[in-house]
Ligand SMILES: NC(=O)c1ccc[n+]([C@@H]2O[C@H](COP(=O)([O-])OP(=O)(O)OC[C@H]3O[C@@H](n4cnc5c(N)ncnc54)[C@H](O)[C@@H]3O)[C@@H](O)[C@H]2O)c1
């Protein structure tokens, strides 16, 4: 088998929100890395030294590693043949009926199958439907290739990538000792802390982690609605119950819990347990229902059909430009039916992503009523005499709606 490769790592889906920080991180720690992505525009952006999305601290390191030759990007699948480690981190969304697609990764690998060669290790890093690692192992075996397969899930949070890649423990799983050792050796360039699990354990570990977080947000959101219905401010209650009380430190505040991971991974887990996952589905109902609850509450106080509503924040989390699965858009959709007009603003989301957005000042001036949909730090100091619905308490005026 000994084979020499021109590169150490190719990241398939390396133009994405987690693929690119990983590629940059590995290059920064000395690996020769190629980003492979089917999106040619993203590849061109990366090769020009620009990050296609915001990720603090990543762009200078991208430029540095392009300049020193340790990082390159390509839309040509043939680059997959050039690296010893093939890391796959393409998106794994659920469809419009909330079904996961266990074949997303095998399908993506079909494009590159003819470039896989003996001596490589294929490391799955996307969050996968349980059983996908075994499916990929069978694909590789059917092709008669001497390639190790590992599943090493990504656990960073967007916007913390350039810290967390180097600080979080890395879960490593593979069926063979050689696969385990090789995958651990690669990730040891990023972190000293390697956690070994079996592939099926690791697949569930990743889904349990995201689902756990999603359920915690749902519990807080339900508490919020309960308190709000009784005319009580959940944030005051939460602050009181958690002050110097260690067992309640992990209770989150209320908020629009969304984004590209938590919801879909909870649904992947629900599908995996034959849709017999009451807690997961309940969490979805609560979290996805919160924007509608806010609108219903506002309707009780105001005749929305006479009012212009301003939505502050369109990305799914504070400080981010990522609008994927953001509940701000659900809020906008429902308000378009109910309000006289809806105006939206976001300091991070660009005109290319959403040309309908207005500057903050214009929304503050024109709207009759405001909803803080994303806890962007820019909203902290806003002074306005208009009514505000702010379940996040960003503006510090309380969370009651
Ligand atoms: N976003 C997060 O914070 C986060 C955190 C941990 C894990 N994850 C998981 O990581 C995976 C990727 O998520 P993401 O947010 O980076 O997605 P993304 O959509 O930002 O990136 C995926 C990239 O893969 C490319 N791609 C798609 N099909 C391809 C193919 N066949 N060959 C080559 N490239 C292809 C796309 O063009 C895109 O650039 C998902 O499974 C997700 O659940 C995401």
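Structure data summary
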{"read-out": "Calculated diffusion of the range 1-101, Stokes-Einstein form, Kirkwood radius summed over Cα pairs, 37 °C and 0.692 mPa s, µm²/s", "value": "239"}
{"read-out": "Fewest-first ranking of 392, 212, using other Cβ atoms within 10 Å as the exposure measure", "value": "212, 392"}
{"read-out": "In nm, spacing of pseudo-spin labels at residue 306 and residue 176 (7 Å Cα→C-beta vector)", "value": "7.4"}
{"read-out": "Relative contact order [Cα under 8 Å, 6+ residues apart], the chain, whole percent", "value": "11"}
{"read-out": "Rg [Å, one decimal], Dmax [Å, integer] - the range 170-290, C-alpha atoms", "value": "18.5, 60"}
{"read-out": "Mean projected area in nm² (Cα convex hull; one quarter of hull surface) for the chain", "value": "20.7"}
{"read-out": "Cβ-Cβ FRET estimate between residue 274 and residue 380, R0 fixed at 60 Å, reported to 0.05", "value": "0.85"}
{"read-out": "Percentage relative contact order, the range 126-186, counting C-alpha pairs under 8 Å, at least six apart", "value": "32"}
{"read-out": "Potential lengthening between residue 397 and residue 248 on full extension [0.36 nm per residue; Cα-Cα distance subtracted]", "value": "51.3 nm"}
{"read-out": "Sequence of 244, 354 once ranked by neighbouring C-beta atoms within 10 Å, starting from the fewest", "value": "244, 354"}
{"read-out": "The range 238-347 - convex hull of the alpha-carbon atoms, volume per residue in Å³", "value": "145"}
{"read-out": "Zero-based 10 Å bins, Cα pair distances in the range 33-77, whole percents", "value": "31, 58, 12"}
{"read-out": "P(r) of the range 92-143 over all Cα-Cα pairs, binned every 10 Å from zero, in whole percent", "value": "22, 55, 20, 4"}
{"read-out": "Net lengthening on full extension, residue 195/residue 356 (0.36 nm per residue, minus Cα-Cα)", "value": "53.4 nm"}
{"read-out": "Förster-model FRET efficiency, 22 Å R0, residue 368 and residue 337, C-beta, rounded to 0.05", "value": "0.80"}
{"read-out": "Ranked by how many other beta carbons lie within 10 Å on average, peptides 84-95, 378-389 from highest", "value": "84-95, 378-389"}
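Any read-out appearing in this document is the output of simple, stated calculations on the displayed coordinates, not a laboratory observation. Bear in mind the structure is a predicted one, so any value in this text is a computation, not a measurement. Note that each Cβ is placed from the backbone with ideal geometry, even for glycine, and that neighbours are counted across all protein chains shown.
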